[in-house]
1. In region B:406-470, which trypsin sites (Lys or Arg not before Pro) fall in coil by DSSP and have 15 or fewer other Cβ atoms within 10 Å?
2. Put simply, what bits of region A:376-398 lose 10 Å² or more of accessible area when the other protein chains are there, versus the chain on its own (1.4 Å probe)?
3. Is it possible to state the helix-based mean residue ellipticity at 222 nm for chain A, with each DSSP H run of 4+ residues giving -39500 (n - 2.57), the sum divided by total residues, to the nearest 500 deg cm²/dmol? What is it?
4. For region A:147-256, calculate the relative contact order in percent as a whole number, restricting contacts to Cα pairs under 8 Å that are 6 or more residues apart.
5. Leaving out ligands, DNA and RNA, calculate the buried accessible area for the pair B and A with a 1.4 Å probe, summed over both sides, in Å² to the nearest 100.
6. Beyond 40 Å, how much of the Cα-Cα pair distribution for chain B remains, as a whole percent?
7. For region A:240-288, what is the Kirkwood estimate of the hydrodynamic radius, computed as the reciprocal of the mean inverse distance between distinct Cα atoms, to one decimal in Å?
8. Which net charge results when you count Lys and Arg as +1 and Asp and Glu as -1 among the other residues whose beta-carbon is under 13 Å from that of B:MET240?
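The values are calculated or read from the model by the stated rules, or taken from the named source; none is laboratory data. Fair warning: this is a prediction, and the values are worked out from it, not measured in the lab. Neighbour counts run over all protein chains shown; Cβ positions are idealised from the backbone, glycine included. Each accessible area value is taken on the protein alone, full model and side chains, heavy atoms only, with ligands, DNA and RNA left out. Shrake-Rupley method; radii C 1.70, N 1.55, O 1.52, S 1.80 Å.
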Amino acid sequence: MTDQLIDFFLLMKSELLLLAVIFIMLFMNITAKENADGTPVDNNHSILVTANILLLLNFLAGFFMNTSGNLFGDSFTSTELTAFQKNILNLGTLLVSLQSYTWLKTHKHVMEFYMLLLATLLGMFLMISSQHMLLFYLGLELSTIPLAALVNFDLEKKKSAEAAMKMIMMSAFSSALLLFGISLFYGTMGTLHFQEIPAALNGSDLQLYCLILLIAAFGFKISAVPFHFWTADVYEGAPVPVTSYLSVISKGSILFVMTTVLYNVFAGMGVEWYLIICVLAVATMITGNIFAVRQQNLKRLLAFSSIAQVGFILVGMSGQNTEGAVSVTYFIIIYIFSNLAALGVISVVSALTGKEKISDYKGFYKTNPMLSWILAIALFSLAGIPPTSGFFGKFFLLLAGAGNGNYTLVIIAALNMIVSLYYYLKIVKAVFMDANEEPIPTINLAFFPKAGLLICLIGIIVTGLASGSYNYIQELFASL
Amino acid sequence: MLSLLMILLPLVGMLLIRMVSDKKSAARVALLLSFLPLAATIWHATMFDPNGGMQFVFDKWWVESMGISFKVGMDGLSLLMVLLTNVLVPIIIFSTFDRDIVDFKNFYSLIFLMQFALVGVFTSLDGFLFYIFWELALLPIWFICLLWGGADRIRITLKFFIYTLSGSLFMLVALIYLYLQTPLPHTFSLDSFYDLALTPSQQGWIFWGFFLAFAIKIPIFPLHTWQPDTYTNAPTQGTMLLSGIMLKMGLYGIIRWMVPVIPAGIAEWAWLAMGLSVVGIVYASAMAIAQKDFKRLIAYSSIAHVGLIAAGIFSMNMMGMQGAVFQMLSHGVNAVGLFFIADILIDRYGNREMKDMGGIAHVSSPFAITFTIILLGSVALPLTNGFVGEFMLLNGVFQYSGWLALFAGLTVIFGAVYMLRAYQRIMLGEAGEASKSFRALTSNEKILLYIIVALVIVNGVYPKPLLDIAGPSLSAILAKAGVVSM
């Protein structure tokens with residue numbers, strides 16, 4: 001009995017730890033001191049320090065005592081791979097938290113921010129570990145609904161509220177699609193268990209229909225074209241740290257699950273989903289890039305560019321070989337570092353000056369040389385220019401895509417890299433250009449955002465050049 | 001192991017130079033640091049055996065599961081290109097003495113980073129590694145042009161960057177294709193590319209992938225449109241790096257990665273590549289004649305010269321190859337010399353218009369003499385370095401087609417026309433007000449010009465050592481392409 005209990009604790013270690021962090025935060029909230037007039041004492045700084053330390057511990061704990069096994073009638077699994085994926089998400093969340101310091105320091109609801117944030121992370125963990133459609137659905141919902149509240153976290157801004165509204169409508173719609181698909185699946189197969197589905201697949205039209213519904217639901221979450229309409233407005237309306245979280249962590253988790261589901265569960269319908277993914281990849285890359293070129297607002301630009309990046313990821317996913325799964329995971333790590341570095345700089349600038357337009361960044365190099373270099377390196381990485389890790393990520397995605405023999409897709413991807421280069425360089429160019437009348441003043445970074453940016457920078461440089469990271473992921477997938 | 005050290009030395013320079021805070025000593029320290037890679041290269045050269053094939057090989061897995069290795073090594077061709085790089089970089093750094101460079105730490109760091117990338121390109125023997133270095137070279141030069149360039153730099157550098165990177169992406173696709181053709185487990189190593197049995201039509205496609213990347217870098221007509229603007233607007237040292245070394249990357253790439261790997265592809269398309277090169281020679285020469293701006297004139301003359309080199313390579317015979325390699329070295333030296341002269345003129349006159357100059361020969365005779373010799377090297381007078389390469393190149397092109405050689409030969413005549421006219425306008429005639437107050441050359445400037453003059457003459461009079469180094473490795477490359485050399 002005790003063995004079983006220990007197993008239970010170890011297998012659900014990441015989830016339980018996260019839950020513990022949430023409860024500690026909740027407890028701190030309840031016991032917070034109040035002023036004489038009933039308003040809470042302003043102790044944002046200490047809350048933020050505590051939160052970041054807890055998240056750091058949580059991240060470090062992810063490396064120890066990882067065991068493999070199943071729980072709850074095999075509907076929950078924990079393997080080295082899921083532990084690794086959870087670590088990645090933990091790291092990403094820590095980085096987002098570090099970067100939101102500047103913004104949250106003056107915010108009235110810091111505690112709620114963390115509770116909502118970690119609740120979504122918990123949902124993602126459940127999703128990654130799920131071996132059953134219903135648990136997967138549960139995790140998905142848990143990771144989405146609190147996010148809508150987070151999008152609305154600039155409480156005074158109308159735009160923020162509008163974005164949250166859009167987001168909740170869209171996710172409700174996609175959840176409905178997913179549920180519909182799941183129920184039809186159950187009708188055709190009599191099981192929703194991931195391990196039993198492959199045997200029950202027969203490639204009938206109804207199952208194909210279900211598969212399309214499933215991919216559409218995924219498509220909404222990762223904002224693949226044509227399911228991307230919510231993305232730009234939500235990214236623009238949301239506070240920058242939430243945008244980072246949405247574009248990197250939330251998407252990353254869904255892509256992890258999508259890879260597992262398509263590669264392992266629906267391998268039997270590979271021919272069908274291969275075509276769908278190819279079409280999605282091309283549409284997503286092209287649309288994302290074309291819209292990104294025209295944007296003047298940095299957040300909107302990065303929103304569209306993140307759509308384009310998803311297109312690239314889909315190119316790798318279409319590879320249908322081990323390299324496909326490995327390169328997707330590898331790219332997500334790199335994408336976390338690169339996008340968080342870029343958004344981290346933007347977040348600080350936006351929180352302190354409110355400036356978000358590309359033209360505002362003219363002369364940024366003169367006043368903030370360090371931040372400028374970080375932004376430039378991050379953007380080069382996003383554009384996929386060697387020797388930044390972004391290139392390695394994209395290269396392996398292209399290699400995986402080409403491994404399936406589809407060179408047209410690879411050439412389209414390469415052409416899209418050129419287009420994306422244009423708008424990323426447009427930002428770098430503005431940064432290194434002569435100053436306009438009112439340049440962004442010199443910014444003194446607080447410790448936490450500085451640490452966050454530094455970790456991202458190291459990640460961008462090291463992840464690509466150190467080949468061990470790629471080999472490690474490859475081993476994880478090979479051991480499955 | 002040794003070669004790895006030589007490649008990494010510029011990075012050491014890049015880090016160390018950041019610790020110097022005084023501008024004057026920074027230039028000296030940078031020069032000193034740039035001697036380290038040069039010394040290492042010379043040391044390698046003394047140990048080098050021309051008939052020994054690929055030497056100083058360092059081979060270590062990088063991403064083993066994907067067949068990517070960190071493999072570098074040098075044969076005669078690589079050695080010469082590395083030598084060119086590591087000789088020119090000290091000269092380029094020396095040219096910043098007596099000039100006021102703002103933000104000098106970043107400036108020297110970027111030059112060292114550039115050197116690192118260039119040496120990497122010339123030594124890598126793995127397709128992936130080659131691509132990394134190839135792209136890495138673009139970043140520092142872009143920043144040099146962006147941060148220290150002329151008035152119109154914003155638009156021009158953007159065009160330059162996107163243009164060159166777009167070409168490279170096609171090469172990336174070609175490399176991925178080659179990789180997937182290698183037997184399992186796939187690998188990017190150049191040796192495995194040699195063993196591929198590719199059909200002519202496959203080779204034709206790969207040819208275009210590589211050709212676009214290399215032709216834009218070189219540049220070959222009509223893909224040259226980024227070049228004159230970029231050369232004119234870049235700071236002098238940036239232009240020297242671009243014309244002296246960076247465009248050799250494209251020419252080197254053709255010899256190393258195209259000739260032995262896809263000979264049938266070249267055989268199929270050589271007529272077009274050579275045709276374009278020759279059209280480029282005539283066009284660029286004509287454009288050079290019409291220029292009023294001296295720096296722009298050198299830029300166009302550079303297109304004409306490299307066009308001839310490219311034509312020589314695509315003629316796929318020993319004479320053309322030898323000439324190409326020799327001319328790559330000579331052009332590097334001459335271009336750096338000419339751009340330094342342009343820099344002196346800009347420093348003295350504050351603009352680049354030739355009509356504002358004139359009569360300098362009456363004022364400064366050391367300048368007149370050195371300018372004359374470098375200029376003669378550029379127009380390929382016998383006994384200068386330019387003559388050896390150009391003669392062999394024309395010979396090589398002639399073996400391919402007499403008509404092409406006839407048009408390519410126009411470069412000699414045109415070259416004399418625009419260069420001598422430029423000389424006439426700048427140096428001869430009545431000395432105007434501006435020229436009368438022409439500030440005498442500083443001793444640093446004199447030393448630099450004398451070094452270049454020495455290189456021009458020594459290589460012109462006695463080219464044999466350089467030709468001997470390159471010869472065996474070039475015939476090995478041609479043998480892989482199925483061409484038996486004399």
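1. Counting only loop positions with at most 15 other Cβ atoms within 10 Å, the trypsin sites (Lys or Arg not before Pro) in region B:406-470 are B:ARG439.
2. A:PHE380, A:ILE385, A:PRO386, A:PRO387, A:PHE391, A:PHE392, A:PHE395, A:PHE396, A:LEU398
3. So the calculated ellipticity at 222 nm is -24500 deg cm²/dmol.
4. Value for region A:147-256: 36 percent.
5. The buried area between B and A, both sides summed, comes to about 3300 Å².
6. Values: 17641 of 117855 pairs.
It works out to 15 percent of all Cα pairs.
7. 12.3 Å
8. Overall, the nearby charge balance is +2.
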